[in-house]
Structures are given as structure tokens and as C-alpha cells.
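Engineer: The structure is given below, and queries will be raised subsequently.
No lab work stands behind these numbers, since they all come straight from the coordinates. Bear in mind that the values here come from a model prediction, so they are computed numbers and not experimental data. Here Cβ is always computed from backbone atoms with ideal geometry, including for glycine, and neighbour counts include all displayed protein chains.
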Amino acid sequence: MKKKSSSKDFVWRRKHLLGLKGMSADELIHLFNTAEGFKEISQRSIKKAPALRGKVVGNLFFEDSTRTRTSFALAVSRLSADIVEFTAKASSLSKGETLRDTARNLEAMGIDMVVVRHKAGGAANLLSQCIDACVINAGDGYHEHPTQGLLDIFTIRELRQDIKGLKVAIVGDIAHSRVARSNIWALHTLGAEVFLVGPPTLMPSAVSQLPVTVCHDFDSIIGQMDVLNMLRVQFERIGSPVIPSLLEYSRLFALTEKRMEKAKSDVIVMHPGPMNRGLEIEGTVADGPNSTVLRQVSNGLAVRMAVLFLVNQASKLPADERIDS
Amino acid sequence: MSELLIKDGRVIDPANKIDTVSDVLIREGKIAEIGSVKASGEMKTIDAKDKYVVPGLIDLHVHFREPGDEGKETIASGSHAAVAGGFTSVACMPNTQPTIDNEATVEYVYRQAAEANLANVYATGAITKGRDGEELAEMGQMVRGGVVAFTDDGTGVQDSGVMLKAFQYASMFDKVIMQHCQDDAIAGNGCMNSGYQATVLGLPGMSPLAEELMIARDLLLVQQTKARYHVQHLSTKKAAQIIREAKQQGIAVTTEVSPHHLLLTEDCCVGYDTNYKMNPPLRRQEDVDAMRQAVADGTIDCLATDHAPHLSSEKELEFFNAPPGILGLECALGLYVKALIDTKTIDWPRMIAMMTHIPADILSIDKGTLAIGADADVTIIDPTSPWQVDVEKFYSKSRNCPFHGWDLTARATHTIVGGEIKFQLG
């Protein structure tokens, strides 16, 4: 799958990137191929491409984020577009302005694309329905974080010939994870076998209806896995009814050096960041030879450049050739 | 002497087991005669040929938002919506600002209703002060003011001890206690049914268990007292089964169902359209089927809209942040026909019973019948005229209705309250 490029005349039709559910394998592969091209640019001495010159991108972050936000900002500037930074603190949101109002105001200032991070699931969908600009979901509630899912799979794809047939474990707080959901949909589409690992209290209510295998005993499956994607566990959940204690969580689900002994020697260890060293992942493992944590960050830039580039292309298509949802 | 003659309609009066083509004569605001009545020169006459003439419809669950949220609805605008939908009597929920939890606010509701002079508006009072679930509200004082029931609707009384005391105390007044059945510890911050769609959409889910657990608890509590218990807006299959079994044991419980829980499922939430956000949330198809079954076998006693107006600006928020609830009064009749008559779940007389004398009995109000001498609250229904729901034509001040654009077949053509025509389809 890695080397197989989608046909030259493939046309990207999505004006928005709201989620990976429903995205076809062809679309995903086209996106990865586009990202490969952009990754190459990042390795040049002049790291800019003129693809989005004259465009304005709004970076709307209603929730704290460091790397996703910075990654998008850098991707925008590499594509020669202008970026308008917008944070909940600096915004009118505290004055009771709705997401819809805020977006319309930004659009009135001539914004072409909006990158949005919001704590409510569906916020990106809502935005896409009320403005003409392209909307890129940078994480909405527990719904989706499509660019994270894409960069995770792009990273796996760089290290393995084919996604199909790979066994990928996503470990941790699945219930509250948009990263998990985006990964599940796209990995499934590309033919990987997805395992969800964590306590039942951190599984979504309808996990049995998802295309995954659920496992509560990490040690029993770790040896079969090709990829271990360790999710961040929110500290506030420790000591709540869902996780009795940090010690117990670590014993059962953390990726420790000891546990790594059971894994395949070339297992890919991923983490979407920011990491809680010592909680879900031991520091030495996070920094160890199997870890792709920093590679994920570099790839995130290329993937986001590809997304910005493609949705902008789609926005120029006639309405009946475009996918607007 | 004011007289109104309704000619040649199919008179359906389930309270008196009447279902026949007949005339109805109204004199001085009361039902004077049912049978063959000759029109005299002075008499105002309505031709009801091919129409149904039924006791004025009753909705024991509406939110008219007054006092406090007059931008969403007022008692006047809500009453207008009621009569436009064929409803002559409604019971307003007390989750207003301030809460209707004392005699003065109850009196305020009745004063506004009298000023509006459209439908019979009944006040319900909160079970606990401020609906905070801690101290009992002044039920006796509110009974003096005219409340017909008690409920903390919008939330359930969480504390079992408080609920037991509420049942005990309310039994003094022979007023029904109505409960919004939701165990908050189970429901958490859920904003839709927990299940596949909530999982996919990444929205916090509310388990059906939250509803079922509180119903089961309340049924145990109420048996310790002489109170009457009414479960509001039933929505889950298992909850229906729990009530079915309780009724078989002779426990004093009644329940209602809303149009949306008879017609819509959680799948509607896929586009994050907040007009599909309700509390209790839309459930699965098997729950919808179970609601219809529970209507058919009598487990569900009556139909109630849970008419819940909200501002467009609120419904334009993210799904999680938007308030739950939808408008019901102006399209409910057609929706019930679609859900229950067109599907052959029940027949017209049973449906009319569920919208007239049964809710009247639950509220212990002297309504819902065309008996000679009864208040002349009468609804005339065209059972076959096709029409399309258009929220822009609603009399309600709000527009939050997912049934906009639906094609329905039945609607009220005349709504008569106390012998006066308060609404006429024009």
C-alpha cells in the first residue's frame, strides 16, 4: 500500500476535513501521497511552497493545545498563507458570543479556511454548516481528531509496507478519546486489525458495535501487536470511579520497560502527546528505539500541509462535484 | 342566550362511550345536547360533516416558560399554540424562573392565563423548593393556589428520603406526583442516548438505566404511601416493562409518552442537529417500538407533548451545550395519528381517550368529557386533510421543532373553550 500511489487523476472532493469516518481508502492514500510530497519540502533549505499564497487561515482554538496548534500554524506558513490566531481567552466567547457568531465574524474578515479545536463533539460539523470557509477539525470533544489519526497512520505507513493486516492496539482512555475514534475508522478502512485495551470504565458505551476487538488484559495481547498507540490518561480521572489509583492503572495498562519485553522487537510505540511520563508510558520507553513520538510530530506537519492544500483545492470545485459534509 | 351547534360530526366521547354521527349543542358554555338538533335562526352553526367532534384535547406536560423566560414563550403565546393544535387544557411545568414552588407564583400563572383567555391553563408546583431536591415545597399553599400536580420536571428528585417524604406529604392532598425519571449519577453529563451513535459522535451518553432505575425506586417508595405516581415522558423499553409489571401488581402508577419518542430515534442525532436533542433523549428503534406496544396494551395511559420552547440562539449552540427539548403542541395531533393510528396501534376512540378524560383523571380536573352539563371544551378534527408542518406559521414564540416539513394528515379545525371558538383554521 505504501508504494502504490492512487491514480494520477484522483480528485479530492472534500471541502472540509471533519472526521475520518466514512473516508475511503483511496482518499486516505491520496492524502498520504500528498503528505509525502510535502514532507520532502520540509527537508529542503527553503521550506516554503506557494500553494496557498494569498489565503487566510483562522486558527480557532477553544481548548488548550500546544502541538496541534503550532503544527497547523507552521503548516499554514509553509504553504505561504497568512494565519490569524484566535484563542478562547482572547476572544469574545466569554461575552456570550456563540461559536457560530464568532465564525461568521471571522469569515466577514475574509478568512478562507478555519482550523477549529473545541471541547464539544460536533463543533467542526456545526461550523461547516454555517460558514462558506473550509473547516478543518483539529479535535472536537470525543468525536474525532482526524489530522492526528492521519499522522499516526502516515507514520506507521512509513515504517511498514502495508497497513493491511497489521495489529494495532490503542491503549487507555478510549471513551474520552477523539484520537482513538479517528484511528479506529481509518485503520479499519485500510484493513488493519484494531485492539482496544483499557478498563471497561474507559470504554465507550457501544464499543461492541465498533470494528474492534476489546481487551482488558494488555499482557495477553501485547506480543501479537505491530503497533502500540498509548493514549494520554487525564489525571483528573485518577481516583474517580473510573480508575482507582495511578499505581493500579500503571500496573495494568502502562507501557513499561518490563512490559516491552513481551512485545515484538520491532513494535511501533506511538503516543499522540502530551505524554504523562510514568503514567501511561515509562519515560525510557517513550525515548526508546521503538518510539515514534517525535517522528509523529514531524509527520504531523506534512499531513496538515496536505490537508490544507487538498481542502483548498476542493473548495474551487463546482458545488455538485464537491463533498461539503 | 348564546348557543353554538356543531352539525353532523362523528362525535367521539370515550368518557361516555359515545362514537356516533351526531350534533352537539352548546349553550351558555356547557354541553347542552347531543343527538339530532335542529338549527334555529339565531344559532351559530359549524358544519362538521366528515369531521370528528371530540372533547377538548388535554396536554398535561407543557413548558410555557413564564415567569422568567418570556423570550421563549409566554402563557399567552403558549396558549395560542395550544388552541391552534386542538388543545383546550394544558398543565404548565414549574421549572420557570423563579420556580413555581409557592402560592404567589401559582397565582401568577393563573392571572396570566386568565389575561390570555385562550386555553385552560393549569399550574403544577415543584415538589421541592427551587427544584433543588432538598426541602419540600409548600404543597398545601400551592394546592390553595390551584395546582393540579407536583413535579420537579427537568430534573428528578435524587434523594430517596426526600422522595419518600414527598409521596407521604402529597398524599394529604390527593394530587398526583409526577416525576422526571433520571438518576443523575447514572446520567452524568450525557446529552443523548448512550449507545452506538453517542460513541460515534463522541458525545457523552445518557444510559436508559438512569430512567429505569428511578422508576423502579419510585415504585418501591410509592407503595409505602397512599400517593399517586405519574412517570413523565417514558422513553425506554425496559421502563415500559417495569411499569407494565407494576400495574399488574395494582400499584398506583400512570405514565405518558411524547410524539418524538413514538417517531424518532437516536439515529436522528447524526448531523448534530440540536432539534433532536431532548431529555429524555431519543432512544433506539426497539424503544420506539416498545413505546407503541405500551400504548397498545394500556401500559401508557396518556399522550403528552413536553412542549419545550427554546430560543434559536440557544439551539444554534454545539449539541452538548444546546438546551434539550422541542415544540409539540401545534403538530402533536397529526404526529400521534401518524405514530398510532396509521400504524394501527390503536383506534381513534382510544387515542382521543388518551388525550382527554385519562389525563383529566390523572390531574383530577373536571374536563375531558362531552357529558351533558360539562364545560363546552370541544375540538373539531379534520382527520384526512393533508398539511405540512411549517414552524414559521407556529403561534409559539419559538421555532425548535424537528418535524418542520413533515407531511401530516390530521389537524384541528376548531378549538372551542367554554363554548367560545378560540381557534379556527383559516
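Engineer: If I build a Gaussian network model for chain B, linking alpha-carbon pairs within less than 10 angstrom, which residue out of B:Asp366, B:Asp306, B:Asp101 has the largest mean-square fluctuation?
Structural biologist: B:Asp366
Engineer: Going toward the positive end of the dipole of the range B:315-426, with +1 on Lys and Arg Cβ and -1 on Asp and Glu Cβ, which of B:Ala339, B:Ala371, B:Met355 do you reach last?
Structural biologist: Farthest towards the positive end: B:Ala339.
Engineer: To continue, here is another question. Can you give the angle from 0 to 90° between the axis of helix A:146-159 and the longest principal axis of chain A, with both taken from C-alpha atoms, to the nearest 10?
Structural biologist: Computed tilt is about 60 degrees.
Engineer: Another question about this same structure. Would you kindly calculate the translational diffusion coefficient of the range B:206-329, applying Stokes-Einstein with the Kirkwood radius from alpha carbon pairs, for 10 °C and a viscosity of 1.306 mPa s, and quote it in µm² s⁻¹ without decimals?
Structural biologist: On the way: Rh = 15.1 Å.
The diffusion coefficient I find is 105 µm²/s.
Engineer: What spacing in nm lies between the two simple spin-label points modelled at A:Thr70 and A:Leu246, each 7 Å away from Cα in the Cβ direction?
Structural biologist: Calculated label separation equals 2.4 nm.
Engineer: Arranged by the count of other C-beta atoms within 10 angstrom, fewest first, what order do B:Ile12, A:Ile170, A:Ile221 take?
Structural biologist: So the residues, fewest neighbours to most, are A:Ile221, B:Ile12, A:Ile170.
Engineer: Stretched out fully, how many nm does the piece from B:Arg144 to B:Ser171 gain, at 0.36 nm a residue minus the Cα gap? Walk me through the intermediate numbers first.
Structural biologist: Details: separation 27, 0.36 × 27 = 9.72 nm, distance 1.51 nm.
Additional length available on full extension: 8.2 nm.
Engineer: Under the 0.36 nm per residue contour assumption, what length would be gained going from the current alpha-carbon distance of A:His216 and A:Ala25 to full extension? Let's see the in-between values first.
Structural biologist: Details: separation 191, 0.36 × 191 = 68.76 nm, distance 2.96 nm.
Full extension from A:His216 to A:Ala25 adds 65.8 nm.
Engineer: Of all beta bridges DSSP finds with both residues in the protein assembly as shown, what is the antiparallel percent, to the nearest 5? Don't skip to the answer; put the middle values down first.
Structural biologist: Values: 32 of 98 bridges.
Among the beta bridges of the protein assembly as shown, antiparallel pairing accounts for roughly 35 percent.
Engineer: If we count every other residue with Cβ under 14 angstrom of A:Ser24's Cβ, Lys/Arg +1 and Asp/Glu -1, where does the sum land? The partial results should precede the final answer.
Structural biologist: Details: positive: A:Arg13, A:Arg14, A:Lys21; negative: A:Asp26, A:Glu27.
Neighbourhood net charge equals +1.
Engineer: Taking neighbour counts of Cβ atoms within 10 Å as a proxy for exposure, in what order, fewest first, do B:Leu370, B:Leu60, B:Leu282, A:Leu159 appear? Mind dumping the intermediate values first?
Structural biologist: Numbers: B:Leu370 27, B:Leu60 31, B:Leu282 23, A:Leu159 13.
So the ranking, lowest neighbour count to highest, is A:Leu159, B:Leu282, B:Leu370, B:Leu60.
Engineer: Give me the tail of P(r) for the range A:219-325 as a percent: Cα-Cα pairs with distance above 23 Å.
Structural biologist: That tail contains 45 percent of the Cα-Cα pairs.
Engineer: Using the Cβ atoms and a cut-off under 15 Å, what net charge is assigned to the surroundings of A:Ser298, where Lys and Arg are +1 and Asp and Glu are -1? Kindly include the intermediate steps, with their values, before the conclusion.
Structural biologist: Working: positive: A:Lys39, A:Arg44, A:Lys47, A:Arg67, A:Arg78, A:Arg157, A:Arg295, A:Arg304; negative: A:Glu36, A:Glu40, A:Asp152, A:Glu158.
Its environment carries a net charge of +4.
Engineer: Still on this model: Tally Lys/Arg at +1 and Asp/Glu at -1 over every other residue whose Cβ is under 11 Å from the Cβ of B:Val417; what's the total?
Structural biologist: Details: positive: B:Lys367, B:Lys422; negative: B:Asp375, B:Asp377, B:Glu420.
Around B:Val417, the charge tally is -1.
Engineer: Further, regarding this structure: Taking the range B:100-242, how much of its Cα-Cα pair set, in percent, is spaced more than 25 angstrom apart? The partial results should precede the final answer.
Structural biologist: Details: 3492 of 10153 pairs.
Percentage above 25 Å: 34.
Engineer: Send over the Kirkwood Rh of chain B, from the inverse of the averaged 1/r over different Cα pairs, rounded to one decimal Å. Kindly include the intermediate steps, with their values, before the conclusion.
Structural biologist: Values: mean 1/r = 0.0466 Å⁻¹.
About 21.5 Å for chain B.
Engineer: Sort the range B:313-424 into rounded, prolate or oblate with this rule: let a ≥ b ≥ c be the square roots of the eigenvalues of the Cα gyration tensor; rounded if a/c is under 1.5, and if a/c is not under 1.5, prolate when a/b is larger than b/c, oblate otherwise. Spell out each step's value before the answer.
Structural biologist: Details: a/c = 1.78, a/b = 1.61, b/c = 1.11.
Prolate.
Engineer: Sticking with this one: For B:Cys401, B:Cys92, what's the fewest-to-most ordering of other Cβ within 10 Å of each Cβ?
Structural biologist: On the way: B:Cys401 22, B:Cys92 30.
In increasing order of surrounding Cβ atoms, one gets B:Cys401, B:Cys92.
Engineer: Now a separate question. On C-alpha positions alone, give me the angle between the axis of helix B:208-222 and the longest principal axis of chain B, in degrees, nearest 10.
Structural biologist: Compared with the principal axis, the helix lies near 80 degrees.
Engineer: At what distance in nm do the modelled label points of B:Thr45 and B:Glu286 sit from each other, each positioned 7 Å from its Cα along Cα→Cβ?
Structural biologist: 5.7 nm
Engineer: What aspartates and glutamates could a cross-link reach from A:Lys39, if we take a straight Cα to Cα line under 15 Å and drop same-chain neighbours fewer than 8 places away?
Structural biologist: Within the straight-line limit of under 15 Å, A:Lys39 reaches these aspartates and glutamates: A:Asp152, A:Glu158.
Engineer: Residues of B:267-274, mean number of Cβ from any other protein chain within 10 Å of their own Cβ, rounded to a whole number? Could you put the intermediate results ahead of the total?
Structural biologist: On the way: counts 0, 0, 1, 2, 5, 10, 4, 2.
The per-residue average across the peptide is 3.
Engineer: Also: Over 24 Å between Cα atoms: which of A:Lys164/A:Lys258; B:Lys17/B:Lys237; B:Lys315/B:Lys393; A:Lys167/A:Lys262; B:Lys175/B:Lys338; B:Lys165/B:Lys238 fall into that group?
Structural biologist: On the way: A:Lys164/A:Lys258 29 Å; B:Lys17/B:Lys237 31 Å; B:Lys315/B:Lys393 19 Å; A:Lys167/A:Lys262 15 Å; B:Lys175/B:Lys338 33 Å; B:Lys165/B:Lys238 27 Å.
Too far apart for the 24 Å limit: A:Lys164/A:Lys258; B:Lys17/B:Lys237; B:Lys175/B:Lys338; B:Lys165/B:Lys238.
Engineer: Please list, in chain and number order, the residues 5+ apart from A:Glu193 or on another chain whose amide H is under 5 Å from its amide H, with Hs placed from the backbone.
Structural biologist: Answer set, sorted by chain and number: A:Gly165, A:Leu166, A:Lys167, A:Val168.
Engineer: Straight-line reach from A:Lys55: which aspartates and glutamates fall under 18 Å, measuring Cα to Cα and dropping same-chain residues less than 8 apart?
Structural biologist: Within the straight-line cut-off, A:Lys55 pairs with A:Asp82, A:Glu85, A:Glu107, A:Asp112, A:Asp132.
Engineer: Another one. Among B:Ala149, B:Ala240, B:Ala126, which one moves the most in a GNM of chain B with springs linking Cα atoms closer than 10 Å?
Structural biologist: B:Ala240
Engineer: For the range B:16-124, which GluC sites (Glu not before Pro) are in a loop by DSSP, counting at most 13 other Cβ atoms within 10 Å? Walk me through the numbers before you get to the answer.
Structural biologist: Details: sites: B:Glu28, B:Glu33, B:Glu42, B:Glu70, B:Glu73, B:Glu103, B:Glu107, B:Glu115; in loops: B:Glu28, B:Glu42, B:Glu70, B:Glu73.
Those that pass, being in a loop and sparsely packed, are B:Glu28, B:Glu42.
Engineer: Same structure again: For A:Phe10, list long-range residues whose amide hydrogen, built 1.01 Å from N in the peptide plane, is under 5 Å from its own amide hydrogen.
Structural biologist: Amide H neighbours of A:Phe10, under 5 Å, 5+ apart: none.
Engineer: Moving on. Compute the Cα gyration tensor for the protein assembly as shown, then decide on rounded, prolate or oblate, letting a ≥ b ≥ c be the square roots of its eigenvalues: rounded whenever a/c is under 1.5, prolate when a/b is larger than b/c in the other cases, and oblate in all that remain. Before the final figure, lay out each step's value.
Structural biologist: Numbers: a/c = 2.58, a/b = 1.96, b/c = 1.31.
Judged from the Cα gyration tensor, the protein assembly as shown comes out prolate (a/c at least 1.5, a/b above b/c).
Engineer: Something else about it: Taking amide H atoms as placed 1.01 Å from N in the peptide plane, list the residues 5 or more away in sequence, or in a different chain, whose amide H sits under 5 Å from that of B:Val176.
Structural biologist: Result for B:Val176 returns B:Phe150.
Engineer: Stretched out fully, how many nm does the piece from A:Arg295 to A:Arg277 gain, at 0.36 nm a residue minus the Cα gap? Intermediate values should be presented prior to the final figure.
Structural biologist: Numbers: separation 18, 0.36 × 18 = 6.48 nm, distance 1.79 nm.
Value of the extension gain: 4.7 nm.
Engineer: With an 8 Å Cα cut-off and a minimum separation of 6 or more residues, compute the relative contact order for chain A in percent.
Structural biologist: Values: 625 pairs, mean separation 75.2, N = 325.
Computed over chain A, the figure is 23 percent.
Engineer: Based on DSSP, what percent of beta bridges with both residues in the range B:56-363 are antiparallel, to the nearest 5?
Structural biologist: 5 percent
Engineer: Here's another thing I want to ask about it. Once the Cα atoms of helix A:67-78 and of chain A are each reduced to a long axis, what angle between those two axes, in degrees from 0 to 90 to the nearest 10, is obtained?
Structural biologist: 40 degrees
Engineer: Still on this model: Anyone know which of B:Ile75, B:Ile242, B:Ile416 comes out most mobile in the 10 Å Cα GNM of chain B?
Structural biologist: B:Ile242
Engineer: Something else: For the residue pair B:Ala296 and A:Thr284, what label-to-label distance in nm results when each label sits 7 Å from Cα along the Cα-to-beta-carbon direction?
Structural biologist: In this crude label model, B:Ala296 to A:Thr284 measures out at 6.6 nm.
Engineer: Averaging sequence separations of C-alpha pairs under 8 Å and six or more residues apart, then dividing by the length of chain B, give the relative contact order as a whole percent. Write out the running numbers ahead of the final one.
Structural biologist: Numbers: 1073 pairs, mean separation 84.2, N = 426.
RCO, chain B: 20 percent.
Engineer: Just want to confirm a number: the relative contact order over the range A:146-297, from Cα pairs under 8 angstrom separated by 6+ residues, in percent. Please report the intermediate quantities before stating the final value.
Structural biologist: Numbers: 264 pairs, mean separation 36.3, N = 152.
Once normalised by length, the contact order is 24 percent.
Engineer: What translational diffusion coefficient, in µm²/s and rounded to a whole number, does the Stokes-Einstein relation yield for the range A:91-204 at 10 °C and a viscosity of 1.306 mPa s, taking the hydrodynamic radius as the Kirkwood radius over Cα pairs? Before the final figure, lay out the partial values.
Structural biologist: Working: Rh = 15.7 Å.
Once the numbers are plugged in, D ends up at 101 µm²/s.
Engineer: Now a separate question. What fraction of the Cα pairs in chain A, stated in percent, has a spacing above 34 angstrom?
Structural biologist: Working: 11626 of 52650 pairs.
Everything past 34 Å amounts to 22 percent.
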